[in-house]
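A.B. asks: Sending over a structure as C-alpha cells; questions will come in a sec.
The values are calculated or read from the model by the stated rules, or taken from the named source; none is laboratory data. Worth saying up front: this structure is predicted, and the values here are computed from it rather than measured. Cβ sites come from the backbone with ideal geometry, for glycine too, and all protein chains shown count toward neighbours.
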C-alpha cells in the first residue's frame with residue numbers, strides 16, 4: 001500500500017511505522033492522520049507482524065503537534081468536532097490494536113503527538129525529547145484524547161498542571177511522573193525499541209493480545225469487575241495450544257515455540 005506521509009519497515013516480526021513529514025516536524029494534518037490509520041489497519045491484518053514501533057522521521061520530532069494551518073481552516077464547531085473525532089479514532093485504534101505498540105519518542109512530542117504516544121502501550125523517550133500539551137497557548141484544549149488519557153497515566157493534578165500551563169517537560173521529568181517508561185540517549189533510541197520489540201515478538205501473540213485487552217478493560221471498571229474479566233481471560237488462555245506449549249517447554253527446559261493458537 002502506498003503512503004505519502006508514512007514509512008513502514010519490517011524487521012522479522014516487528015514493523016516500524018515512521019511518521020514522515022520532517023520538514024514540518026512531523027506535524028499532523030488530516031492527510032497524515034488518515035494515513036496513520038490506514039497503516040495501522042495494514043499492520044493489524046498482517047499475521048507476520050507481532051509488534052509495532054511508532055516513531056517520527058529525523059531526530060527533531062516524534063510529532064510536534066497539529067498543523068496550525070489546518071486548525072485555522074476549521075471554520076465551525078461541527079468541523080472542529082469532526083477533526084477531533086478523526087484523531088481520536090486513530091488513538092483508539094492504537095490503544096485497542098491486538099498487538100503491542102511501542103512509541104519511540106525521538107524529539108518534540110507535543111499536542112496530538114503526545115496524545116498518539118499516550119495511546120501506545122510503552123513509551124521510550126530519547127534524552128532530547130520534549131513532551132507537552134501546549135493547546136492552551138492556542139486557545140484550545142486537547143482534542144485527540146489528552147484530557148482523558150493524561151490523567152489516567154500521571155494523575156489528575158499533574159495532568160491539569162500540564163494542560164492548564166501548556167508547559168513542555170523534558171524526558172527525565174516525563175520519566176519521573178510516569179509519562180514514559182524509559183529514557184535513553186538519542187543514538188540508542190531505536191536499538192532500545194527494537195530490542196524490546198524482539199523480546200515481545202517471541203511471546204505468544206494470542207496471549208499478548210489477551211493481556212493487552214484485559215489490562216485496558218480492567219482500567220475502565222472497578223476492581224471486582226476487573227478481576228472477573230481477568231479470570232475469564234485466564235480460563236480461555238488455559239485451553240490454548242500456546243499455553244500447552246509454554247508449560248511443556250518450561251518443564252522440558254527449552255524455549256517455547258508459540259503459534260498464536
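A.B. asks: Scanning for something buried (at least 23 other Cβ atoms within 10 Å of the Cβ) and closer than 27 Å to residue 68 by Cα, does region 176-183 turn up at least one residue?
C.D. replies: Taking every residue of region 176-183 in turn, at least one turns out to be buried (at least 23 other Cβ atoms within 10 Å of the Cβ) and closer than 27 Å to residue 68 by Cα.
A.B. asks: Could you list, in sequence order, the residues of region 224-259 that are assigned to a loop (DSSP other than H, G, I, E, B) and over 26 Å from the mean Cα position of the chain (by Cα)?
C.D. replies: If the condition is that a residue be assigned to a loop (DSSP other than H, G, I, E, B) and over 26 Å from the mean Cα position of the chain (by Cα), then 239, 240, 252, 253, 254, 255, 256, 257 are the ones that fit.
A.B. asks: In addition: Out of all the residues in region 112-147, which are in a helix (DSSP H, G or I) and either outside the structural domain of residue 99 (by TED's automatic domain parsing) or more than 13 Å from residue 95 (Cα to Cα) (or both)?
C.D. replies: Within region 112-147, 112, 113, 114, 134, 135, 136, 137, 138, 146, 147 qualify.
A.B. asks: Continuing with the same structure: Considering only residues of region 167-184 that are in contact with a strand residue (DSSP E or B) (Cβ under 7 Å, 6 or more places away or on another chain) and assigned to a loop (DSSP other than H, G, I, E, B), which is nearest to residue 110 (Cα to Cα)?
C.D. replies: Step by step, filter region 167-184, then rank; the result is 167.
A.B. asks: Only one of these conditions is not met by residue 145: (1) without any contact (Cβ under 8 Å) to a residue 12 or more places away in the chain; (2) over 30 Å from residue 246 (Cα atoms). Which number is it?
C.D. replies: The one condition residue 145 does not meet is (1).
A.B. asks: Another question, if that's okay. Can you name every residue in region 167-202 that is under 20 Å from residue 15 (Cβ atoms) and more than 19 Å from the chain's Cα centre (by Cα)?
C.D. replies: Passing the criteria: only 202.
Residue by residue, here is whether (1) in a strand (DSSP E or B); (2) within 25 Å of residue 175 (Cα to Cα); (3) modelled with pLDDT of 90 or more; (4) outside the structural domain of residue 42 (by TED's automatic domain parsing) holds:
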| residue | (1), (2), (3), (4) |
| --- | --- |
| 71 | no, no, no, no |
| 78 | no, no, no, no |
| 81 | no, no, no, no |
| 85 | no, no, yes, no |
| 91 | no, yes, yes, no |
| 95 | no, yes, yes, no |
| 98 | no, no, yes, no |
| 103 | yes, yes, yes, no |
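A.B. asks: Residue pairs, Cβ under 8 Å, 6 or more apart or interchain, first in region 179-193 and farther than 28 Å from residue 148 by Cα, second in a loop (DSSP other than H, G, I, E, B) and modelled with pLDDT under 95. List them.
C.D. replies: 186/59
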